[in-house]
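These notes concern the structure reproduced below.
The values are calculated or read from the model by the stated rules, or taken from the named source; none is laboratory data. Here the structure is a predicted model, which is why all the values come from computation and not from measurement. FYI the Cβ positions are ideal-geometry reconstructions off the backbone, even for glycines, and counts take in every protein chain you see. Each accessible area value is taken on the protein alone, full model and side chains, heavy atoms only, with ligands, DNA and RNA left out. Shrake-Rupley method; radii C 1.70, N 1.55, O 1.52, S 1.80 Å.
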Amino acid sequence: MKKTFRLPADKSYSRAASFVIVAIVYVLALALGVLSYLWLAPVLRTSPLAVPALGCDWLALFVADVIATVFTWACGLLWRNVSVYDPYWSVAPPLMMTAWVIWHGSWDVPTALLLIGVWVWAIRLTYNWAITFKGLAHEDWRYTKFRSQNQFIFQVINFFGLNMVPTIVVFLAMLPVFALIESGYSANWMTWVAFLVCLAAPTIQLIADTQSHAFRRAHPGEVCNVGLWKHGRHPNYFGEVLMWWAVWMIYVSVAGLRENLWLVSGAVANTLLFLCISIPLMESRQLKNKPGYAEYRRHTRLFI
């Protein structure tokens, strides 16, 4: 009898096995991205798409980032779980930035501060993903919602909206880092202030997530209104938005506000992503599932 090919069944993988699979996916995505960059960088170095402060290497890095994203998306299709992409948001930036520093041999103080800030943010966010990851048998509720409501065009939404758009937004947010690495500036007092903001952002996220996890364990189904959640409905999202503004602030502290002002586009795009998509989705879910959320919403700010 002729055997037919079947995609892996999500329910057949334990949480531990799922971690191993996701880790292998990301190792392969990293290798593919590195090979793509090494091949593309010499080819695109003479490209007419050079931009101030970044030259042409940014284009090779962007294409390599897209190729790694496409590979991750394809693995999500293979395991029928869009959540395979979730760690990409926090895993890719520190690796790309560190590789860029090594590649260009830039180790000045502002660059070092940026790397420290980004690695602290990335470790915290990746750790939060790891402790909440339930395995390939579970898909984030947002993806399930899109899948059920948009069956005919879901894969289009999956590729562009759930995978490619976040990659592009984060890449735009990283551009000030790449520009800073290229420039060799010296740190000043504003750089250190911006660095403290960079550290404050993941600290806010850590506190908010810790308070939320503890509250949900003690009061399942209720609205979390303690700690930072008493002062803002989305302190974890606030920390995420603040992080990329802090990255841009470090660049501005040494380059000045007027030089390459367009580099703020990443922080702006990231803010809009949360304000226009992530937060409305969460608010809608909370209003539907938690009776007290409407009252909480009336008396609590959106951000801190």
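For the chain, the average shadow cast by the Cα convex hull is 18.8 nm², which is a quarter of the hull's surface.
Here Lys134 sits with roughly 130 square angstrom of accessible surface, probe radius 1.4 Å. Counting Lys and Arg as +1 and Asp and Glu as -1 over every other residue whose Cβ lies under 14 Å from the Cβ of His231, the net charge comes to +4.
Nonpolar atom fraction for region 102-215, defined as the carbon and sulfur part of the 1.4 Å probe accessible area, stands at 71 percent. The residues of region 139-199 present an accessible area of 48 Å² per residue when probed at 1.4 Å with all protein chains retained. In the full protein context, region 242-299 carries 51 Å² of accessible surface per residue, based on a 1.4 Å probe and ignoring ligands, DNA and RNA. In the chain, helices alone account for a calculated mean residue ellipticity at 222 nm of -22000 deg cm²/dmol, with every DSSP H run of four or more residues adding -39,500 (n - 2.57).
Under the membrane-span-like helix rule (DSSP H runs whose alpha carbons stretch at least 20 Å along the helix axis, mean Kyte-Doolittle hydropathy 0.5 or higher), the chain yields 15-44, 57-78, 88-104, 109-132, 165-183, 189-218, 235-255.
Amide H contacts of Leu136 (H built 1.01 Å from N, in plane; Pro and chain starts excluded): Ser18 sit under 5 Å, all sequence-distant by 5 or more or on other chains. Note on exposure: Ser212, Ser284 ranked by accessible area (1.4 Å probe, complete protein assembly) read Ser284, Ser212, with the most exposed listed first. The figure for Phe238 is an accessible area of roughly 50 square angstrom, using a 1.4 Å probe on the protein chains alone. With a cut-off of 18 Å on the backbone N, no residue of region 233-275 is near the modelled label site 7 Å out from Trp103 along Cα-Cβ.
Each residue, Arg301 and Leu272, gets one label point 7 Å from its Cα in the Cβ direction; the gap between the two is 2.4 nm.
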